[in-house]
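Trainee: Before anything else, here's the structure in question.
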Amino acid sequence: MEIWRNDLNYRQGKIDSGVWAGVVITIAIAAGFCAVLFFDTTGQKGSGLSEEYVYDISQYTKIDPAMILYRQAGPTIAAGLKSTKAIAVRGEIYIAGDKEIIVVDGAGKAKRKITLDAEPTCITLKEDGTIVVGMGDALVVINPEGQERTRWAVEEANARLTSVALSPEIIFAADAVNGLIYEYDWAGKLIRTIGQKSDGKGKNGFVIPSPYFDIAMAPDGLLRVVDPGRHLIVAYTINGDREWSWGTATPAIEGFSGCCNPVNFAILPDGSFVTIEKGLVRVKVYDAEGKFIGVVAGAEQLEWTQQQQVCNTPEQCQSKGFDVAVDNDGRIYVLDTVKNVVRIFEKK
Amino acid sequence: MDEKKNQYSRRDILRHGVWGACAAGVAGTGAILASKSRGQKYVWQIDPYKCTACGNCATFCVLQESAVKCVHAYAMCGYCDLCTGYYRPEPKELNTAAENQLCPRGAIKRTYVEDPYFEYTIDETKCNGCGKCVMGCTSFGNGSLFLQIRHDRCVGCNECAIAIACPENAIVRVPAEEPYLLKDRR
Ligand code: SF4
Ligand code: SF4
Ligand code: SF4
């Protein structure tokens, strides 16, 4: 009877477990096949998020070719440094980075090297070839032969010098952490400080959200200071009196984009300004009064894409603010602080 | 001079205080997680220095509402008035009107600190980890907004579904006792 029942059961259609297993495996394979075909498990087809979730600034990266007034002169020059910070030009090109200053000619040929004991953060050159370097909270004066002459530290705590500018009697040093500009004589004696909120001259101090705070002396004898959080370039007398400012916050080509721009600037011999922005990486020219003239280079000319936002260290992530210098013939030298290269631009 | 120093110390206290509170919260979550999952040594986390905020974190998590959220390293933030993580590229005005905000879910809160500084905080109940604000912040600002897998929500899949879909291989295994890869001013 037992046998009959088992037999019946069998004959009545109970399926062997091996067959079940086969069916399950077949279905699983088919399901897997469908998943590969129809569903994206590897992100190849994108996130599937709707348009409103897409961050798109591409319309601002496009630059009308008619606005580009400059072209690259000569090849791109590799600095040969792991981390570049600042550039200055006087006959030769001085590139500050790592723990040295590399001097190259206009063709990129290495001329000499000045070794430093700390990482430079800014650099400028006097007419006679004297080099003034900022290294964190220290200012170092180096003679044209490359020997250190004097150095002193900024008194303010946590100072980080991001720019130096010179007049015959004064060294101006911009401190991005404290939002102050120090005026020293050449022996290192502090003459005055510009930018305290309480002095009534700095208009609530400077707003410096990123480690970029640039200054330069203009041919009119006034110091120009970037107030990056306000998107302004401000004129100051050497006595620290605020005169006027210009600049507009907009991603449109005539303005300064993002939270805090321009990051750096230089002043051409005729008093016009060359500005550099981060985020929307672009180099532009404004006349001495701040009227937009045209573009030196945009992301395309600087071989810069959004993808280059990927950075593996905080230092790399923070090094997106390029530096700029000019020579007496009006050529513009752009230091790409991410790829550590220099591009020279001249008028078309 | 003293006033300036005071202002900075106030801001520093504010920044580090809030960041400290955030870190304490995160550490607390880590401790709970560690005690919950005795024997489990590693969890999934996003390396913020590899992540490009591609958007996949919002849609590939097995949870209906992704375990990935935007977090804020206050110590790195510029407290900008024109925050590019908060505002659309061309806001009409710098105010809290929805038309000016970048986040499609209104998950970022802007609070006045002192002229001209503002603080930005994330409402994790609204955030889906889409990364749009992270793109805005890293493109123009200091990169203080970034994405992390929040371990009060993550169910700890054997193979994180986002890790498979991540184009940057940014999802990595980290010790469960230290489950966050935080950005700071190293
Ligand atoms: S933009 Fe996206 S990632 Fe940022 S807070 Fe809003 S929902 Fe979260
Ligand atoms: S492990 Fe799972 S729950 Fe956690 S983030 Fe990845 S997919 Fe989401
Ligand atoms: S999938 Fe990867 S790159 Fe994309 S948002 Fe997530 S962690 Fe970042």
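Trainee: Counting only residues 5 or more places away or on other chains, whose amide H sits under 5 Å from the amide H of residue B:71 once H atoms are built in the peptide plane?
Mentor: Under 5 Å from the amide H of residue B:71 lie the amide H atoms of B:146, B:147, B:148, each far enough along the sequence or on another chain.
Trainee: Give a residue-ordered list of calculated ³J(HN,Hα) values for the range A:236-245 (Karplus: 6.51 cos²θ - 1.76 cosθ + 1.60, θ = phi - 60°; whole Hz; x for Gly, Pro).
Mentor: 10, 6, 6, 7, x, 8, 6, 9, 8, 8
Trainee: Tell me the Rg and the Dmax, in Å, that the Cα atoms of the range B:72-186 produce.
Mentor: 15.4, 48
Trainee: Stretched out fully, how many nm does the piece from residue B:115 to residue B:157 gain, at 0.36 nm a residue minus the Cα gap? Walk me through the numbers before you get to the answer.
Mentor: On the way: separation 42, 0.36 × 42 = 15.12 nm, distance 4.57 nm.
Roughly 10.6 nm would be gained on extension.
Trainee: Pull up all non-local amide H partners of residue B:102: gap of 5 or more, or a different chain, and H-to-H distance under 5 Å with H placed in the peptide plane.
Mentor: B:87, B:88
Trainee: Related question: Just how much of residue A:85 is accessible, in Å², when a 1.4 Å probe is used and the result is rounded to the nearest 10?
Mentor: Near enough 60 Å² of accessible area.
Trainee: List the aspartates and glutamates whose Cα lies under 18 Å from the Cα of residue A:347, skipping any in the same chain that are fewer than 8 positions away.
Mentor: Reachable aspartates and glutamates: A:64, A:270, A:287, A:300, A:327, A:329.
Trainee: Now, a different point. Once fully extended, how much extra length lies between residue A:241 and residue A:69, figured as 0.36 nm per residue of separation less the alpha-carbon to alpha-carbon distance?
Mentor: 58.5 nm
Trainee: Can you work out the FRET efficiency for the pair residue A:130 and residue A:248, with r the C-beta to C-beta distance and R0 = 25 Å, to the nearest 0.05?
Mentor: Details: r = 37 Å, r/R0 = 1.47.
The pair residue A:130/residue A:248 has a calculated efficiency of 0.10.
Trainee: Go through the range B:89-140 and name the GluC sites (Glu not before Pro) that are in a DSSP coil and have 16 or fewer other Cβ atoms within 10 Å of their Cβ.
Mentor: Loop-located and lightly packed - B:93, B:124.
Trainee: In straight Cα distance, which lysines are under 20 Å from residue A:320, not counting same-chain residues fewer than 8 positions off?
Mentor: A:62, A:82, A:85, A:99, A:278, A:284, A:339, B:50, B:132, B:183
Trainee: Right, next: Mind giving me the FRET efficiency for residue A:186 and residue A:288? R0 is 25 Å, r the Cβ-Cβ distance, nearest 0.05 is fine.
Mentor: 0.35
Trainee: What does a probe at residue B:105 reach in the range B:111-138, counting residues whose amide N is under 16 Å from the point 7 Å along Cα→Cβ?
Mentor: Answer for this model: B:121-135.
Trainee: Per residue of the range A:128-136, in order, report the coupling 6.51 cos²θ - 1.76 cosθ + 1.60 (Karplus, θ = phi - 60°) as ³J(HN,Hα) in whole Hz, putting x for Gly and Pro.
Mentor: The phi angles translate into 7, x, 4, 10, 10, 10, x, 10, x Hz.
Trainee: Taking θ as phi - 60°, what are the ³J(HN,Hα) couplings along the range B:93-106 by the Karplus curve (6.51, -1.76, 1.60), each to the nearest whole Hz, with x for Gly and Pro?
Mentor: 9, 8, 9, 8, 4, 4, 5, 8, 7, 7, 5, x, 10, x
The values are calculated or read from the model by the stated rules, or taken from the named source; none is laboratory data. Remember, predicted model here, so these are calculated numbers, not experimental data. Cβ atoms come from the backbone with ideal geometry, glycine included; neighbour counts cover every protein chain shown. Accessible surface areas use protein heavy atoms only, side chains included; no ligands, DNA or RNA. Shrake-Rupley method; radii C 1.70, N 1.55, O 1.52, S 1.80 Å.
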